[in-house]
Amino acid sequence: MLLFAPMLSSCYNQSSATPDAWDLTKRQIDSISFSTTHHYSQNYNFVVKADSLRLVCQAPDELPFDSVTVYNGDYVVVADFMTMPGDTIDSVWVKIARDQITQGWIRERAMLPGVEPDNYISQFIDTFSDVHLLLFLALVVSVGAAYGLRSLFKRNAMIVHFHDIDSFYPTLLTLLVAGAATLYASIQLFGPDSWRHFYYHPSLNPFALPPHLGLFISLVWAIIIVSLAAVEEIARQLSFVDTLLYLCGLAAVCAIDYVVFSISTLYYVGYPLFVAYAIFAIRRYFRNTRCRYICGNCGAKMLDKGVCPHCGAYNE
């Protein structure tokens, strides 16, 4: 009874709380329709990220044209919108306001590249969705990771997949990053509209999102949790200097995974590549990294039987 009572009470809803479609005004219906297709509507908050945006004070179909300007960092709100079928450049005009005095109309096509939603999640997405930044990041990551991994190999330092520690967390972290990058690119390919809606209305709760977006956010949370577990395990097994070197190598591998799978999946190559990478990573761990023996003298973990690398005792 105690379980069923909250369930029944949560289902209670007054009929007057949700207005019937017949009671909506034409302006409300237009606002709902606009929000469905454009994913934002009146009273939505933006931040200007362009150097400046020029706004027309009068409605686009009125003369003369007076203008005001909003600048980088200004907070603006969507005050109104209208459609002008005769406009050959962009039929959708949006009225945005910084305050009671500074407000005006601008074409949506000119507005959207110059603004971003007023929340940190959308701004983070906006930063890492920039094509030029992604290409620059890919170049920097590839060159930096190549030099970093080459240096680690020369030092014979511990590194994931090749000279790894006896912990599955680093391998799992690389697989999670690769899987998240593959899923992210897949959403861009097959569900761009759902990702656009998530961009304007983000949430970190995977249970409040559609299955594919919920899975992506779950992977993001898993990456954070596994990263903490991996750092703790690495610090427990290695010295301070070796821990720093290992973390640098792990970060380089994860960066390469993100760039490679997020780009290759856009050309459908990422799917077989991810399967091959998962098989490679798991086989490398279980064949060359996981310690199956314990030294009978000091109790240290050993990859194979023979001389213990810690105490020198021979184990048959």
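Every number in this text was worked out from the coordinates using simple rules, so none of it is lab data. Since we're looking at a predicted model, the values are computed, not measured. Don't worry about glycine lacking a Cβ; one is built from the backbone with ideal geometry, like all the others, and counts go over all protein chains shown.
In table form, for the structure just shown:
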| quantity | calculated |
| --- | --- |
| Distance histogram for the stretch 147-280 (every C-alpha pair counted, 10 angstrom bins, percent rounded to whole numbers) | 12, 37, 32, 15, 4 |
| Convex hull of Cα atoms in the stretch 222-295, direction-averaged projection (nm²) | 6.2 |
| Cα Rg over Rh - the stretch 50-134, Kirkwood | 1.00 |
| Extended-chain gain in nm, criterion 0.36 nm per residue less alpha-carbon gap, Thr102 and Ala313 | 67.9 nm |
| Chain lengthening between Phe207 and Glu62 when straightened (0.36 nm per residue, less Cα-Cα) | 47.5 nm |
| Relative packing of peptides 205-212, 193-200 - highest average C-beta neighbours within 10 Å first | 193-200, 205-212 |
| Nitroxide proxy distance, nm - points 7 Å out along Cα→Cβ at Ala235 and Cys298 | 2.4 |
| Other-chain or far-sequence residues with amide H under 5 Å of Val92's (modelled H) | Met84, Glu108 |
